[in-house]
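Peer 1: Got a structure for you, written out below as structure tokens; questions coming shortly.
The values are calculated or read from the model by the stated rules, or taken from the named source; none is laboratory data. Nothing here was measured: the structure is a model prediction, and the numbers come from that model. So basically every Cβ, Gly included, is an ideal-geometry build from the backbone, and we count neighbours across all protein chains shown.
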Amino acid sequence: MNRAVREERRAEDRARSATAALRAALAVIGIGLPAIAAADDSGLPIMDGERPVQCAKDKEGQVWRLQCDHAAKVCLYAPDAELDSEGQRVKPLEQARDCSFELPFDRVKLEAGGYVMRAGRPDAPWGWTRDARGRAFQINFDLKRRMYFGVAYSPQKILENPLQSARTSIDYGLLVFETRTQGRSPMRHRVRLLEGEVHLEPFTAEMTVAHYDMSRRFFDPTAA
């Protein structure tokens, strides 16, 4: 068995251990209530980072994050902390919003109304996700919102004098901005300001003062 296969199996074993430990460590949400059901083997769903998250303490004083989908009648819960490979809480969540303790979490009432409790992963901000242990990972690196000024050196060397260059160029730009609107037909808007380049020997220059373009995606072309 080669090293890569062994490492992959060790990683899978650690993930299974963390999930099993999480199930075993599921304490009571609310005084005197029965323990919450175990997680699915298919994986832990992640909470929606754009919807409210509620916090509640169990009878041992541990804090849990909770988010209910009232349309689907499903409530996700997850520890308000990162876990180690054994499923023990080790440190606060990174990239996590504050959650509210204002409203009590009445699990009995929710389950009587048909709600299902499922283990999940804590919410994460846009561009981030979490693994089963609550660790945050960035998955989207937006390079379209930036200011920059660059200098490019593109020499044309002369064989008789290697230290002499026949050309230097400077690229510049003030702003590149890109945003997208959601909906049935999402639209992407792009703006660029004061963008161009200057060449020396011989001297030439070009500049775009302002540039805007838009594209639209149709999920159902026949309804466009």
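Peer 1: Hey, does the stretch 31-45 have a residue that's assigned to a strand (DSSP E or B) and modelled with pLDDT under 95?
Peer 2: no
Peer 1: For GLU206, all conditions in the list (1) loosely packed, with under 11 Cβ neighbours inside 10 Å; (2) under 27 Å from PHE141 (Cβ atoms); (3) modelled with pLDDT of 80 or more hold save one; what is the number of the exception?
Peer 2: It is condition (2) that GLU206 fails.
Peer 1: Please go through the stretch 82-105 and pick out each residue that is surrounded by 19 or more Cβ atoms within 10 Å (Cβ to Cβ), in contact with a Lys or Arg (Cβ under 6 Å, 6 or more places away or on another chain) and of a type outside the set (A, V, I, L, M, F, W, C).
Peer 2: The one that is surrounded by 19 or more Cβ atoms within 10 Å (Cβ to Cβ), in contact with a Lys or Arg (Cβ under 6 Å, 6 or more places away or on another chain) and of a type outside the set (A, V, I, L, M, F, W, C): GLU82.
Peer 1: Here is a follow-up. Which residues, taken from the stretch 69-81, are in a strand (DSSP E or B) and either surrounded by 20 or more Cβ atoms within 10 Å (Cβ to Cβ) or β-branched (Val, Ile, Thr) (or both)? First the steps, then the outcome.
Peer 2: Kept after step one, since they are in a strand (DSSP E or B), are these residues of the stretch 69-81: 69, 74-79.
Correct list: VAL74, CYS75, LEU76, TYR77, ALA78, PRO79.
Peer 1: Additional query: Can you pull out every residue in the stretch 52-68 that is of a type in the set (D, E, K, R) and within 23 Å of the chain's Cα centre (by Cα)? If you could, list the steps in order and put the result at the bottom.
Peer 2: At the first step, the residues of the stretch 52-68 found to be of a type in the set (D, E, K, R) are 57-60, 65.
Passing the criteria: only ARG65.
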